[in-house]
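The values are calculated or read from the model by the stated rules, or taken from the named source; none is laboratory data. Given the structure is predicted, the values throughout are model-derived calculations rather than measurements. Backbone-built Cβ (ideal geometry, glycine too); neighbour counts: all protein chains shown.
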Amino acid sequence: MLELTKVEKSYDGVRVLGPLSLRVDARETVALLGPSGCGKSTLLRLILALQTPDCGTIRFERIQLDEKSAQSARRRMGYVIQDGGLFPHLTSKENVALMARHLGWSDSRVDRRTAELCELTRLPADALERYPSEISGGQRQRVGLMRALMLDPDILLLDEPLSALDPLVRRDLQSDLREIFAALGKTVVLVTHDVAEAAFFADRIVLMRDGRVVQSGRIAELLERPSEEFVTRFIEAQRSSLPEPAA
Amino acid sequence: MIRPAGRRFGLGARHLLMPVVACSLLQASLAVSSPTVTIGSKKFTESVILAEIAAGLCRDAGAEVRSRNELGGTRLLWNALLSDEIDVYPDYTGTVRHEILADRPGRGDAALRDAAAAAGAQLSRGLGFENTYAIGMREAQARRLGVSNISDLRDHPSLRLGFTSEFMERADGWSGLRRRYGLPQRDVRGLDHDLAYRGLVSNSIDVTDLYSTDAEIREHRLRILEDDLSYFPEYRAVLVMRPELAERAPAARRALARLAGSISTADMIRMNAAVKIDGRSEAAVAREFLAERFGIRGQLDEREVVRSVLHRTAEHVSLVVLSLSLAVLVAVPLGILAARRRRLGRLILASTGILQTIPTLALLVFMIPFLGIGTAPALAALFLYSLLPIVRNTHAGLTGIADSLIESADAMGLPRRARLRRIELPLALPSILAGIKTAAVINVGTATLGALIGAGGYGQPILSGIRLDNFALILEGAIPAALLAIAAQGVFDLLERVVVSRGLRGDARARQS
């Protein structure tokens, strides 16, 4: 599905990422975990071809991403960012339908798809006609998810989707999101700094530090066979919020 | 903070009429228990100007004036005067003698005056100029040939003569003139009045007949040849008045007497030209004359104020609207370009900024060699001044959009053009509109300087007011200009409510919390 090979990225001569290689298989849910500044968001941007790597290659469905292939590739990726990244001048519905409209979808097709997604994300129907500034943070995030899913993408990329929410809303959305991922059966790459969140969602956790992968595996593996001391330290630091280890 | 724009706009529209209402109230209060003088005029410019001058004098003398301008013909006015419908109207001695009294009076003014009195009308003393048939030629040619009176034409038999058809046909026209002066010219033809002037200007004829106070005399630099053998009848301008005016409105009657001998032929030509060629109103021209000659700061006639304010508003608004539309068409794309290309953007912002620092008067003067005087250079200058606020706000609006939103649009796979159209421009719209609004308000103010180069507008009365030291006249331009600026702001506030997404406005955000 997605294959990064020896990817590197520097800003102003300072390397922020790589060399890094990573493979994400179809239908796999992967969490990119790490402290802030570890390069996990940069990695997501490289996958979306919002930025190009200095060296190395990124393949999406076996096609190498470059400026030419980026645009059509992006339409097969759904991207959700903190607080939804909604356009404030468009209503929820217009936000969701923006790309479909641009591609010339009919009204009825747009309406049908919107209704499906509304049900899937449990967005109250009246929120559709409101502007982002008029709905709650949790609703904004659901609208952002609808927008990402509108064109039925092959892969869903989420950058800290829950971090702007207060704890109660966060918990609701968290469980809804996991159900949605399960229902869709799509490939998901989720960026987070929260160990609990990573463990809650992901089959596989990719722990990063200073632009490199420290360890990749299930949470149990990271706990039981840490590749270096940093793994244990990072997880221990958030231990209190970790769910009880599975029996 | 954005207040309800509709209300603010409504305020502007209502206040536009304020100076007019104030003027009428002022006049109404002054008019209490003052005598009424009704002044008529004939249906041509000169007559209306004279009536307005008479009206101004009467008003200054405390009378209330009713104007009955542009009435049918000589006979109608005379009868209206005899039947007490009007008190005063301007006429000419020749007209009264030949058309009204049918040549009954003997020669001389005294006899004419007596005959008029016997008929029931009083003739004033001559106002100072004559409007009679006259013979004219190009000033330059007359000077070269040394021609100053009609007799001199005898020495130049090769001159080409072109007369109006009426003058050719009348017994007291060309045939009589030729006999009286013994004119030798053979090349003589009949022409339409306008064609005669055009022929003279384009050198296809050398001499024509005209009326001695025609506006065209000034316009085309013509010389009136003196009627040294007194061939043409005297058509001295006078006021025809009801005899009992002296008892009913003595102050007004005395004021009218001041007009005797006060208007020269040159004065009258100038005033006719100001109306017919420069497009000023008769009342405004009369008011200026009264100010210059008698030091009368005339109260404004409300109808005149309304008419000239409307006229100037049209001029002013069209200057602003045209230059602003043009500026929007150019400045918004420039602003987009400036936001896209950082280095080019700096250049664009710097150059529009420099334009803004050029003093208005200097810019207007720079334009004259390229665009002449009048509307065109004023439009060009206003266009240039409008660029900066719009370019800068477009640039600021586009560059101020959060990176995350641009990234969101890109991440969806939206092409750049679609991103600009669907995302960036709508998000930058409040800022762009604010820029256009700023430009519009500045534009309304700057356009008053357009009057300096003949573009008209509210600047016209401001300039005249400064020249004549007439504060009321200055306000006549300054108040509507200020109100127009407020109205422009109102229009844009309204527009903002219509075109800017509710999601971007303050009230939507307020509702959330």
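Residues to consider are B:ILE406, B:ILE336; find the one that is β-branched (Val, Ile, Thr), surrounded by fewer than 23 Cβ atoms within 10 Å (Cβ to Cβ), in a helix (DSSP H, G or I) and within 14 Å of another protein chain (Cβ to nearest Cβ).
Details: B:ILE336 fails: within 14 Å of another protein chain (Cβ to nearest Cβ).
That would be B:ILE406, the only listed residue that is β-branched (Val, Ile, Thr), surrounded by fewer than 23 Cβ atoms within 10 Å (Cβ to Cβ), in a helix (DSSP H, G or I) and within 14 Å of another protein chain (Cβ to nearest Cβ).
Kindly establish whether A:ASP12 is more than 28 Å from A:ILE180 (Cβ to Cβ) and either over 16 Å from the mean Cα position of the chain (by Cα) or modelled with pLDDT of 90 or more (or both).
In short, yes.
At pLDDT 90 or above and either part of a helix (DSSP H, G or I) or small (Gly, Ala, Ser) (or both), is that true of B:ALA455?
Criteria not met by B:ALA455.
Need pairs with beta-carbon distance below 7 Å; first residue touching a residue at least 24 places away in the same chain (Cβ under 8 Å) and within the stretch B:320-335, second of a type in the set (Phe, Trp, Tyr); sequence gap 6+ or separate chains.
B:SER323/B:PHE383; B:LEU326/B:PHE383; B:ALA327/B:PHE383
So, in the stretch B:120-145, how many residues would count as being surrounded by fewer than 15 Cβ atoms within 10 Å (Cβ to Cβ) and over 37 Å from the mean Cα position of the chain (by Cα)? Let's see the steps before the verdict.
First pass over the stretch B:120-145, keeping only residues surrounded by fewer than 15 Cβ atoms within 10 Å (Cβ to Cβ): B:120, B:125, B:139-140, B:143-144.
Among the residues that remain, those that are also over 37 Å from the mean Cα position of the chain (by Cα) are: B:120.
Number satisfying all stated conditions: 1.
What about B:ALA286, is it buried (at least 19 other Cβ atoms within 10 Å of the Cβ), in a helix (DSSP H, G or I), modelled with pLDDT of 90 or more and of a type in the set (A, V, I, L, M, F, W, C)?
Answer is yes for this residue.
Test B:ARG422 against the criterion of being buried (at least 20 other Cβ atoms within 10 Å of the Cβ), of a type in the set (D, E, K, R), more than 14 Å from every other protein chain (Cβ to nearest Cβ) and assigned to a helix (DSSP H, G or I), and give yes or no.
So B:ARG422 fails the test.
Can you find, within the stretch B:81-126, the residue that is modelled with the highest pLDDT among those that are in a helix (DSSP H, G or I) and among the polar types (S, T, N, Q)?
B:THR93
Quick check on the stretch B:373-385. Is at least one of its residues among the β-branched types (Val, Ile, Thr), in contact (Cβ under 8 Å) with a residue 12 or more places away in the chain and within 14 Å of another protein chain (Cβ to nearest Cβ)?
First, pick out the residues of the stretch B:373-385 that are among the β-branched types (Val, Ile, Thr): B:373, B:375.
Then keep just the ones that are in contact (Cβ under 8 Å) with a residue 12 or more places away in the chain; that gives B:373, B:375.
Add one more test, that the residue is within 14 Å of another protein chain (Cβ to nearest Cβ), and what stays is none.
Checking the stretch B:373-385: not a single residue is among the β-branched types (Val, Ile, Thr), in contact (Cβ under 8 Å) with a residue 12 or more places away in the chain and within 14 Å of another protein chain (Cβ to nearest Cβ).
Return yes or no: is A:ARG142 away from chain B (no Cβ under 14 Å), at negative phi and in contact with a Ser or Thr (Cβ under 8 Å, 6 or more places away or on another chain)?
yes
Given B:ARG242, B:ARG198, which one is farther than 25 Å from B:ASP91 by Cα and of a type outside the set (Gly, Ala, Ser)?
Residue meeting the stated conditions: B:ARG198.
Does the stretch B:490-506 include one or more residues that are at pLDDT below 85, within 14 Å of chain A (Cβ to nearest Cβ), farther than 30 Å from A:SER69 by Cα and part of a helix (DSSP H, G or I)?
Looking for residues that are at pLDDT below 85, within 14 Å of chain A (Cβ to nearest Cβ), farther than 30 Å from A:SER69 by Cα and part of a helix (DSSP H, G or I), one finds at least one in the stretch B:490-506, hence yes.
Quick one: which residue in B:LEU355, B:LEU349, B:LEU363 is at pLDDT 90 or above and touching a helix residue (DSSP H, G or I) at 6+ places or on another chain (Cβ under 8 Å)? Talk me through it step by step, then tell me what you get.
On the way: B:LEU355 fails: at pLDDT 90 or above; B:LEU363 fails: at pLDDT 90 or above.
Exactly one of B:LEU355, B:LEU349, B:LEU363 is at pLDDT 90 or above and touching a helix residue (DSSP H, G or I) at 6+ places or on another chain (Cβ under 8 Å), namely B:LEU349.
Being in contact (Cβ under 8 Å) with a residue 12 or more places away in the chain and surrounded by fewer than 22 Cβ atoms within 10 Å (Cβ to Cβ) is the filter here, so list the residues in the stretch B:77-92 that pass it.
B:ALA80, B:LEU82, B:ASP84, B:GLU85
Just to be sure, is A:ARG15 away from chain B (no Cβ under 14 Å), surrounded by 15 or more Cβ atoms within 10 Å (Cβ to Cβ) and among the charged types (D, E, K, R)?
Considered against the rule, which asks whether it is away from chain B (no Cβ under 14 Å), surrounded by 15 or more Cβ atoms within 10 Å (Cβ to Cβ) and among the charged types (D, E, K, R), A:ARG15 comes out as yes.
With the condition being crowded, with 17+ Cβ neighbours inside 10 Å and within 11 Å of chain B (Cβ to nearest Cβ), I'd like the strands (runs of 3 or more DSSP E) fully within the stretch A:21-139 carrying at least 2 qualifying residues.
Numbers: elements: A:29-33, A:55-60, A:77-81.
Correct list: A:77-81.
Would you tally the residues in the stretch A:66-90 being of a type in the set (Phe, Trp, Tyr) and over 15 Å from A:LEU157 (Cα atoms)? Quick ask: steps written out before the conclusion?
Taking the stretch A:66-90 as the starting set, the residues that turn out to be of a type in the set (Phe, Trp, Tyr) are A:79, A:87.
Narrowing the set further to residues that are over 15 Å from A:LEU157 (Cα atoms) leaves A:87.
Counting residues in the stretch A:66-90 that are of a type in the set (Phe, Trp, Tyr) and over 15 Å from A:LEU157 (Cα atoms) gives 1.
Do we have any residue at all in the stretch B:197-206 that's in contact with a strand residue (DSSP E or B) (Cβ under 6 Å, 6 or more places away or on another chain), surrounded by fewer than 22 Cβ atoms within 10 Å (Cβ to Cβ) and modelled with pLDDT under 85?
Taking every residue of the stretch B:197-206 in turn, at least one turns out to be in contact with a strand residue (DSSP E or B) (Cβ under 6 Å, 6 or more places away or on another chain), surrounded by fewer than 22 Cβ atoms within 10 Å (Cβ to Cβ) and modelled with pLDDT under 85.
Which one of these is in a helix (DSSP H, G or I), touching an Asp or Glu at 6+ places or on another chain (Cβ under 8 Å) and farther than 30 Å from B:ASN393 by Cβ: B:ALA291, B:ALA273, B:ALA266? Reasoning before the result, please.
Working: B:ALA291 fails: touching an Asp or Glu at 6+ places or on another chain (Cβ under 8 Å); B:ALA266 fails: touching an Asp or Glu at 6+ places or on another chain (Cβ under 8 Å).
Step by step, each of B:ALA291, B:ALA273, B:ALA266 is checked, and only B:ALA273 is in a helix (DSSP H, G or I), touching an Asp or Glu at 6+ places or on another chain (Cβ under 8 Å) and farther than 30 Å from B:ASN393 by Cβ.
For the stretch B:154-165, does any single residue satisfy the condition of being aromatic (Phe, Trp, Tyr), over 21 Å from B:LEU259 (Cα atoms) and assigned to a helix (DSSP H, G or I)?
no
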